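Colleague: Can you keep this structure in mind? I'll have questions shortly.
The values are calculated or read from the model by the stated rules, or taken from the named source; none is laboratory data. Here the structure is a predicted model, which means the values were calculated and not measured. Here the Cβ is made from the backbone with ideal geometry for all residues, glycine too, and neighbour counts use every protein chain on show. Areas reflect the complete protein model, heavy atoms only, side chains present, ligands, DNA and RNA absent. Shrake-Rupley method; radii C 1.70, N 1.55, O 1.52, S 1.80 Å.
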2 protein chains.
Amino acid sequence: MSGRLAITELIGRKRDGGELTSDEISGLIRAYVADEVDDAQMAAMLMAGVIRGFSTDEAVALTEALVASGDTIDLSGLAGPTVDKHSTGGVGDGTSLVVGPLLAEAGCQLAKLSGRGLGHTGGTLDKLESIPGFRVDLEPAQLREQVSTVGLAIAAATAELVPADKRLYALRDVTGTVASPALIASSVMSKKIAGGAGHVLLDVKVGDGAFLPEASSASALAQLCVSIGQRAGRRTGALVTDMSQPLGDGIGNALEIAVAIETLQGQRGGRFRELSLDLASAALQLTGEAPETARGRVEQLLDSGAALERFARFVEAQGGDPRVADDPWGVLPAAPVVRDWSPGDGWVASIACRRLGELAGQLGAGRQRQGDDVDPAVGLDLLVRVGDQASADAPAVRIHARSDAAAERVLQELPELLILTDEPVAPPPLVHDRVGVA
Amino acid sequence: MSGRLAITELIGRKRDGGELTSDEISGLIRAYVADEVDDAQMAAMLMAGVIRGFSTDEAVALTEALVASGDTIDLSGLAGPTVDKHSTGGVGDGTSLVVGPLLAEAGCQLAKLSGRGLGHTGGTLDKLESIPGFRVDLEPAQLREQVSTVGLAIAAATAELVPADKRLYALRDVTGTVASPALIASSVMSKKIAGGAGHVLLDVKVGDGAFLPEASSASALAQLCVSIGQRAGRRTGALVTDMSQPLGDGIGNALEIAVAIETLQGQRGGRFRELSLDLASAALQLTGEAPETARGRVEQLLDSGAALERFARFVEAQGGDPRVADDPWGVLPAAPVVRDWSPGDGWVASIACRRLGELAGQLGAGRQRQGDDVDPAVGLDLLVRVGDQASADAPAVRIHARSDAAAERVLQELPELLILTDEPVAPPPLVHDRVGVA
């Protein structure tokens, strides 16, 4: 990138629908990080790309350039296949808390760099921090050490990891340039690749509570992510899964930890358990396990209690109180106000997924902007799903609030968010598509 | 514009091909000037608009918003119709120096805010400053006073006039978002409307030496500018004219002043005189003069010497030496090195217009970037045009240089820029289109 002429030439080419070479993209990102290309020029380039589209080659080159902007984590030499699992984000979506221990118990090495919740979505780090004492700020050496002994570590990404993505993401957020498959895929995959795992399983969410509302665009994103991962030498697969309604029964930080633990305890079934097993099975397939045996193996690890025990070791290794695994509500913070609500009698026809996530956020479980504090105790329990029969005698939603007034505000809105019908309703499919895994 | 959400919503709408309301556009520009919308957000919006297009309503609203960002000049109450004339820029394009005195002599009041040359194009202010003593920094009150007494003033636009356009233009220049008819038209017309004239004549250049290479896009731009002007209550017209070759015989500051004066003296014919008369006639039509009589009237004002005398008064009013009108080369600075060049015998088939402008700039007549000094004396005389018969015995180009080395560099390149053929060639049309004038 040599000066103003070169960057305006590149912007003009993308504006007119042309393609950038790999060298041009790496030069562009280097120049951006070095402040030789400014935010306005990058925003113009991003907008041109959002409208004109980026090719798969461009997305691959962008991912490589983002990875090259910072440090990478070296997981080589660990005793077992290194695995990472990533969800594009949703409501009640704490499967990593079950999938992680399952895979560790199956002999995989999981060093997962995770994020915090934003908007209507929760974040794994926020959830884990609801366990008293739990620390997420591991140095790369600590992360590696813990993985080698416990098989599982979940930590915050450091500022040195893919710094160009952080800048680009902040820019996209304020310039209307988020909604590009190539930009989303390169952002996701750059962090997975820099994280060092040899096997990457993606859970691409689709529906009202996800960032992508349509299954076709989610499948295209999944395919693009898998292509990028494979071009970078990582065995990569993806499930495209339902987020038209919350996944787990808990929406909130401690609430979701409890759901995960009760699932590991074998006390909970339903879609959350089903998807956790499916994701763990898919990840095992990436490491070479046959599709025919993978599912049975992870079910056995869950039903035997081995994964629950692994979860307790993982919590203890990161400073948390391991008794949470045996008695979640003896350890987790509970909200002072609990209120139940039922929509009446009938079949559940629809649930406003995103809005429920936002309401949990407004109770204090989420944050409106980066840096806000979250309240670990508050949130919602969702006790029915689309296709279930609701009853006036049983709660469909349980509100966990900091105050009566906060609970009351949620109660006011719930009737619009959970719609009943007189006829039976079929539940939506849980998995829409599979890419690179059976 | 209330915060981040509103601006990203507006950007997203334009990104997806939607239209912004007049209120949204005025809010956007106000927020940009107030630094509530940053350069990156504006660059994303501009790129979305360049690709998706802006409607005429959006261009009108943008023009109004730009005008509202700063001061406007009040020309009301002057004794005669107020007129402005603007060229989109070209090579050897000093018609304002003839059109201005002609219109003043015809009873119009011309308060022209002009620019400086940049790149391959010259600027009226640079040309006038080659007259010893000439000042272009008139305060608005001085401008108005001179117009009321001399009928003509040409000055630099102040920083307070359309400041949002200055910021937008600088941003577009570095973000690949110059080439939008709506953005070009709103930039041009906002300055004309803020300049206060009730009648606006545009000369939209087309060809290799112009910013628009194609006649069809130039006609569309002319039509859009006229629509904007008329919606703002200004009687507006446009000619779309040839810039496939330099217009006047001079390319350079003093050289172009001399050509204009010799035209006013009746000593020069050709395309420069023809277009000057056509533009003045078109402007008079905007003020109500019948098309049948306008042309005859301006020819008479030129042939009588009245316009030359008006030019002398105008120069004197702005501090310049008025003797320049009688004896240009007794007053204007001359270059120390003069070299003639001929391509040989044949018909002139093509002239590399933009490159000749750049060569004059490299001799010192122009500037590569804003703020550079210019040399008033240097440049090129172009003594043939496409369709003329060139001769080995007569110069086709005369170089006015500061040094032998500078002249030599131009001589080296000229054979590639002026192409002869054995067959007669038809000259290109001078006027491609007329919008709003006969």
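Colleague: Go through B:Leu239, B:Leu255, B:Leu247 for me and flag whichever is over 18 Å from B:Ile73 (Cβ atoms) and over 13 Å from the mean Cα position of the chain (by Cα).
Modeller: B:Leu255
Colleague: Is there any pair with a first residue in the range B:278-291 that is of a type outside the set (S, T, N, Q) and a second that is crowded, with 24+ Cβ neighbours inside 10 Å and part of a helix (DSSP H, G or I) whose Cβ atoms are under 6 Å apart and which are 6 or more apart or on different chains, and what are they?
Modeller: Pairs that qualify, where the first residue is of a type outside the set (S, T, N, Q) and the partner is crowded, with 24+ Cβ neighbours inside 10 Å and part of a helix (DSSP H, G or I), are B:Leu279/B:Val99; B:Ala280/B:Val99; B:Ala280/B:Leu102; B:Ala280/B:Leu103; B:Ala280/B:Val298; B:Ala283/B:Leu103; B:Leu284/B:Ala294.
Colleague: If you don't mind, there's one more thing I want to ask. Condition (residue is in contact with an Asp or Glu (Cβ under 6 Å, 6 or more places away or on another chain), of a type outside the set (Gly, Ala, Ser) and either assigned by TED's automatic domain parsing to the domain that holds B:Phe134 or within 28 Å of B:Ile51 (Cα to Cα) (or both)) applied to the range B:187-208: is it met by at least one residue?
Modeller: Checking the range B:187-208: at least one residue is in contact with an Asp or Glu (Cβ under 6 Å, 6 or more places away or on another chain), of a type outside the set (Gly, Ala, Ser) and either assigned by TED's automatic domain parsing to the domain that holds B:Phe134 or within 28 Å of B:Ile51 (Cα to Cα) (or both).
Colleague: Related question: In the range B:97-110, how many residues are open to solvent by 10 Å² or more (accessible area, probe 1.4 Å) and not aliphatic (A, V, I, L, M)? Can you show your working first?
Modeller: Within the range B:97-110, the first condition is being open to solvent by 10 Å² or more (accessible area, probe 1.4 Å), and the residues that meet it are B:105-107, B:109.
If we keep only those that are not aliphatic (A, V, I, L, M) as well, we get B:105, B:107, B:109.
Qualifying residue count for the region: 3.
Colleague: So, one more: Say we look at the range B:41-97 and pick out the residues that are among the aliphatic types (A, V, I, L, M), outside any helix (DSSP H, G or I) and under 21 Å from the mean Cα position of the chain (by Cα); which of these is nearest to the other protein chains (Cβ to nearest Cβ)? Let's see the steps before the verdict.
Modeller: Residues of the range B:41-97 among the aliphatic types (A, V, I, L, M): B:42-48, B:50-51, B:59-62, B:65-68, B:73, B:75, B:78-79, B:83, B:91, B:97.
Subset that is outside any helix (DSSP H, G or I): B:73, B:75, B:78-79, B:83, B:91.
Okay, now just the ones that are also under 21 Å from the mean Cα position of the chain (by Cα), so B:73, B:83, B:91.
On the way: B:Ile73: 31, B:Val83: 36, B:Val91: 21 Å.
Residue satisfying both the conditions and the ranking: B:Val91.
Colleague: From the set of residues in the range A:146-166 that are in a helix (DSSP H, G or I) and surrounded by 19 or more Cβ atoms within 10 Å (Cβ to Cβ), which is farthest from the other protein chains (Cβ to nearest Cβ)?
Modeller: Taking the candidates together, the pick is A:Val150.
Colleague: Can I ask one more? Restricting to the range A:292-310, count the residues that are in a loop (DSSP other than H, G, I, E, B) and without any contact (Cβ under 8 Å) to a residue 12 or more places away in the chain. It would help to see each step written out before you state the result.
Modeller: Of the residues in the range A:292-310, the ones in a loop (DSSP other than H, G, I, E, B) are A:304-305.
Filter again for without any contact (Cβ under 8 Å) to a residue 12 or more places away in the chain, leaving A:304.
Looking only at that region, the number is 1.
Colleague: For the range B:167-177, which residues satisfy the criterion of being over 17 Å from the mean Cα position of the chain (by Cα) and open to solvent by 30 Å² or more (accessible area, probe 1.4 Å)?
Modeller: The initial filter retains those residues of the range B:167-177 that are over 17 Å from the mean Cα position of the chain (by Cα), namely B:167-168, B:170-177.
Scanning the range B:167-177 gives B:Arg167, B:Ala170, B:Asp173, B:Val174.
Colleague: Oh, and also: For the range A:7-40, name all the residues that are at the interface with another protein chain (Cβ under 7 Å from one of its Cβ atoms) and under 31 Å from the mean Cα position of the chain (by Cα).
Modeller: A:Asp39, A:Ala40
Colleague: If the requirement is being more than 14 Å from chain B (Cβ to nearest Cβ), crowded, with 24+ Cβ neighbours inside 10 Å and not acidic (Asp, Glu), which of these qualifies: A:Leu202, A:Leu143? Walk me through how you get there before you give the answer.
Modeller: Working: A:Leu143 fails: crowded, with 24+ Cβ neighbours inside 10 Å.
Matching residue, one of A:Leu202, A:Leu143: A:Leu202.
Colleague: Might you let me know whether the range B:216-234 holds any residue that is under 30 Å from B:Asp321 (Cα atoms), assigned to a loop (DSSP other than H, G, I, E, B) and among the small types (Gly, Ala, Ser)? Lay out the reasoning, then the answer.
Modeller: Our first condition is that a residue be under 30 Å from B:Asp321 (Cα atoms); within the range B:216-234, this holds for none.
So far as the range B:216-234 goes, no, none of its residues is under 30 Å from B:Asp321 (Cα atoms), assigned to a loop (DSSP other than H, G, I, E, B) and among the small types (Gly, Ala, Ser).
Colleague: Go through (1) open to solvent by less than 30 Å² (accessible area, probe 1.4 Å); (2) at pLDDT 95 or above; (3) assigned by TED's automatic domain parsing to the domain that holds B:Ile184 and name the single condition B:Thr121 misses.
Modeller: Exception for B:Thr121: condition (2).
Colleague: Test of understanding: among B:Gly77, B:Gly92, which residue is surrounded by 22 or more Cβ atoms within 10 Å (Cβ to Cβ) and at positive phi? If you could, list the steps in order and put the result at the bottom.
Modeller: Working: B:Gly77 fails: surrounded by 22 or more Cβ atoms within 10 Å (Cβ to Cβ).
Testing whether each residue is surrounded by 22 or more Cβ atoms within 10 Å (Cβ to Cβ) and at positive phi leaves just B:Gly92.
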